[in-house]
Amino acid sequence: MLPDIRPTLGAVVAGCMVAVGLSAVLGFQTFLYFRIFPSDSPRYKILVGWIWITDSVHTVLVCTTVWQYLIVNFENLGIVTKIYPTVAIIVIMTAVITLSVNSFYGWRIHKMSKHNWWLTGPIVFLSIARVGLAFTTAAEMMMTKTLSEFSNKFRILFTSGLFVSAVTDIIVSVARYYYLRTLKQGYLPTQEVVDAVVVFTINDGFLTCTVVIASIACWLGMPHNFVYLGIYFTISKFYSNSVLATLNLRNWYRHQYTWNRPAGLSMFRRTTGDGSRVHAREHPTSVLSSSGGSPRKHTHARSIDDGRVEVYIEHQVEYNVGNLIPEDLDALESRSHRSSKSVEMPSTAEL
């Protein structure tokens, strides 16, 4: 009787298909990023390029693994117990991508928390520990070469790496949620943007953590098939797409909360018909313009009996709410406090 290959080779094929699909999504997001944000910070461009390259290498390794299992050993059913070196390298690449993503979020949390090392320190430690466990796991896979032997000897090792990854996800998501909620102050569009970012943060952290936990559950419950491996193929893809989605959604925030929402304040110097300035009892006109209509004029006169002359110098000031959606969302906090300041008119200079 032939063994059931659905939970072994079938799971590998399914995981490969999902991984390739997510890699295609990442490639499209990378294209959008460089088209929408050509003037973005060089550090972000380097990060996006690095993530795309490592993800491409990861995808090639996944496809190579499936090729070896299904094509090279087409009639060899005993191959389901063998661990190819490409599987070990996939473990390493997953850890490298995870480290890159956690470093990005850890750096942002470090800035939002005002350099709180008590919070970002554990994130750095867990991220580095995750990489160390992954390299150790990969070395043991290459030496044991069979799934049954690896499962019997190093189950705790592989589980520890995935568990550390899940714990890091939880800490990062909770920290992002906490510090983003503290930004809900000041101007209303800023609060709306923060609400949108918070929702995305919760969903994003929940998704990556769920995938990791699912891989752990399948590994502990079904260590002798490849269901856990098929899920494991997709872990790095969710991490990579998370970063690109975080960067690209800035454009959506910009269009969602700044379209047709200019807030302007228009002021000018009052002059007479021959171009001379206003004198003692001739008071200027203050103009407050709305976003879509013509200015409304209000004239006020006041006697000046002590010989002084008041001149109202009025300037046109336009504050675009679009500035609340900066190129770097790390500036959101400072912009929020700045936008909450009131503007008084008119300004008076006494001569």
*Could you sort 197-203, 229-235 so that the peptide with the highest average Cβ count within 10 Å comes first and the rest follow in order?*
229-235, 197-203
*Sort segment 6-258 into rounded, prolate or oblate with this rule: let a ≥ b ≥ c be the square roots of the eigenvalues of the Cα gyration tensor; rounded if a/c is under 1.5, and if a/c is not under 1.5, prolate when a/b is larger than b/c, oblate otherwise.*
prolate
*So what is the relative contact order for segment 6-258, in percent, with contacts set as C-alpha pairs under 8 Å and at least six apart?*
31
*asked:* Skipping prolines and chain starts, which residues have an amide H placed within reach, meaning under 5 Å, of the one on K82, given they are 5 or more residues away or on another chain?
replied: L147
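Read-outs throughout are calculated quantities, based only on the coordinates presented, and are distinct from any laboratory measurement. In this text the structure is predicted, and so the values were computed from the model without any measurement. Ideal geometry is used to build each Cβ from the backbone, glycine not excepted, and the neighbour counts take in all protein chains shown.
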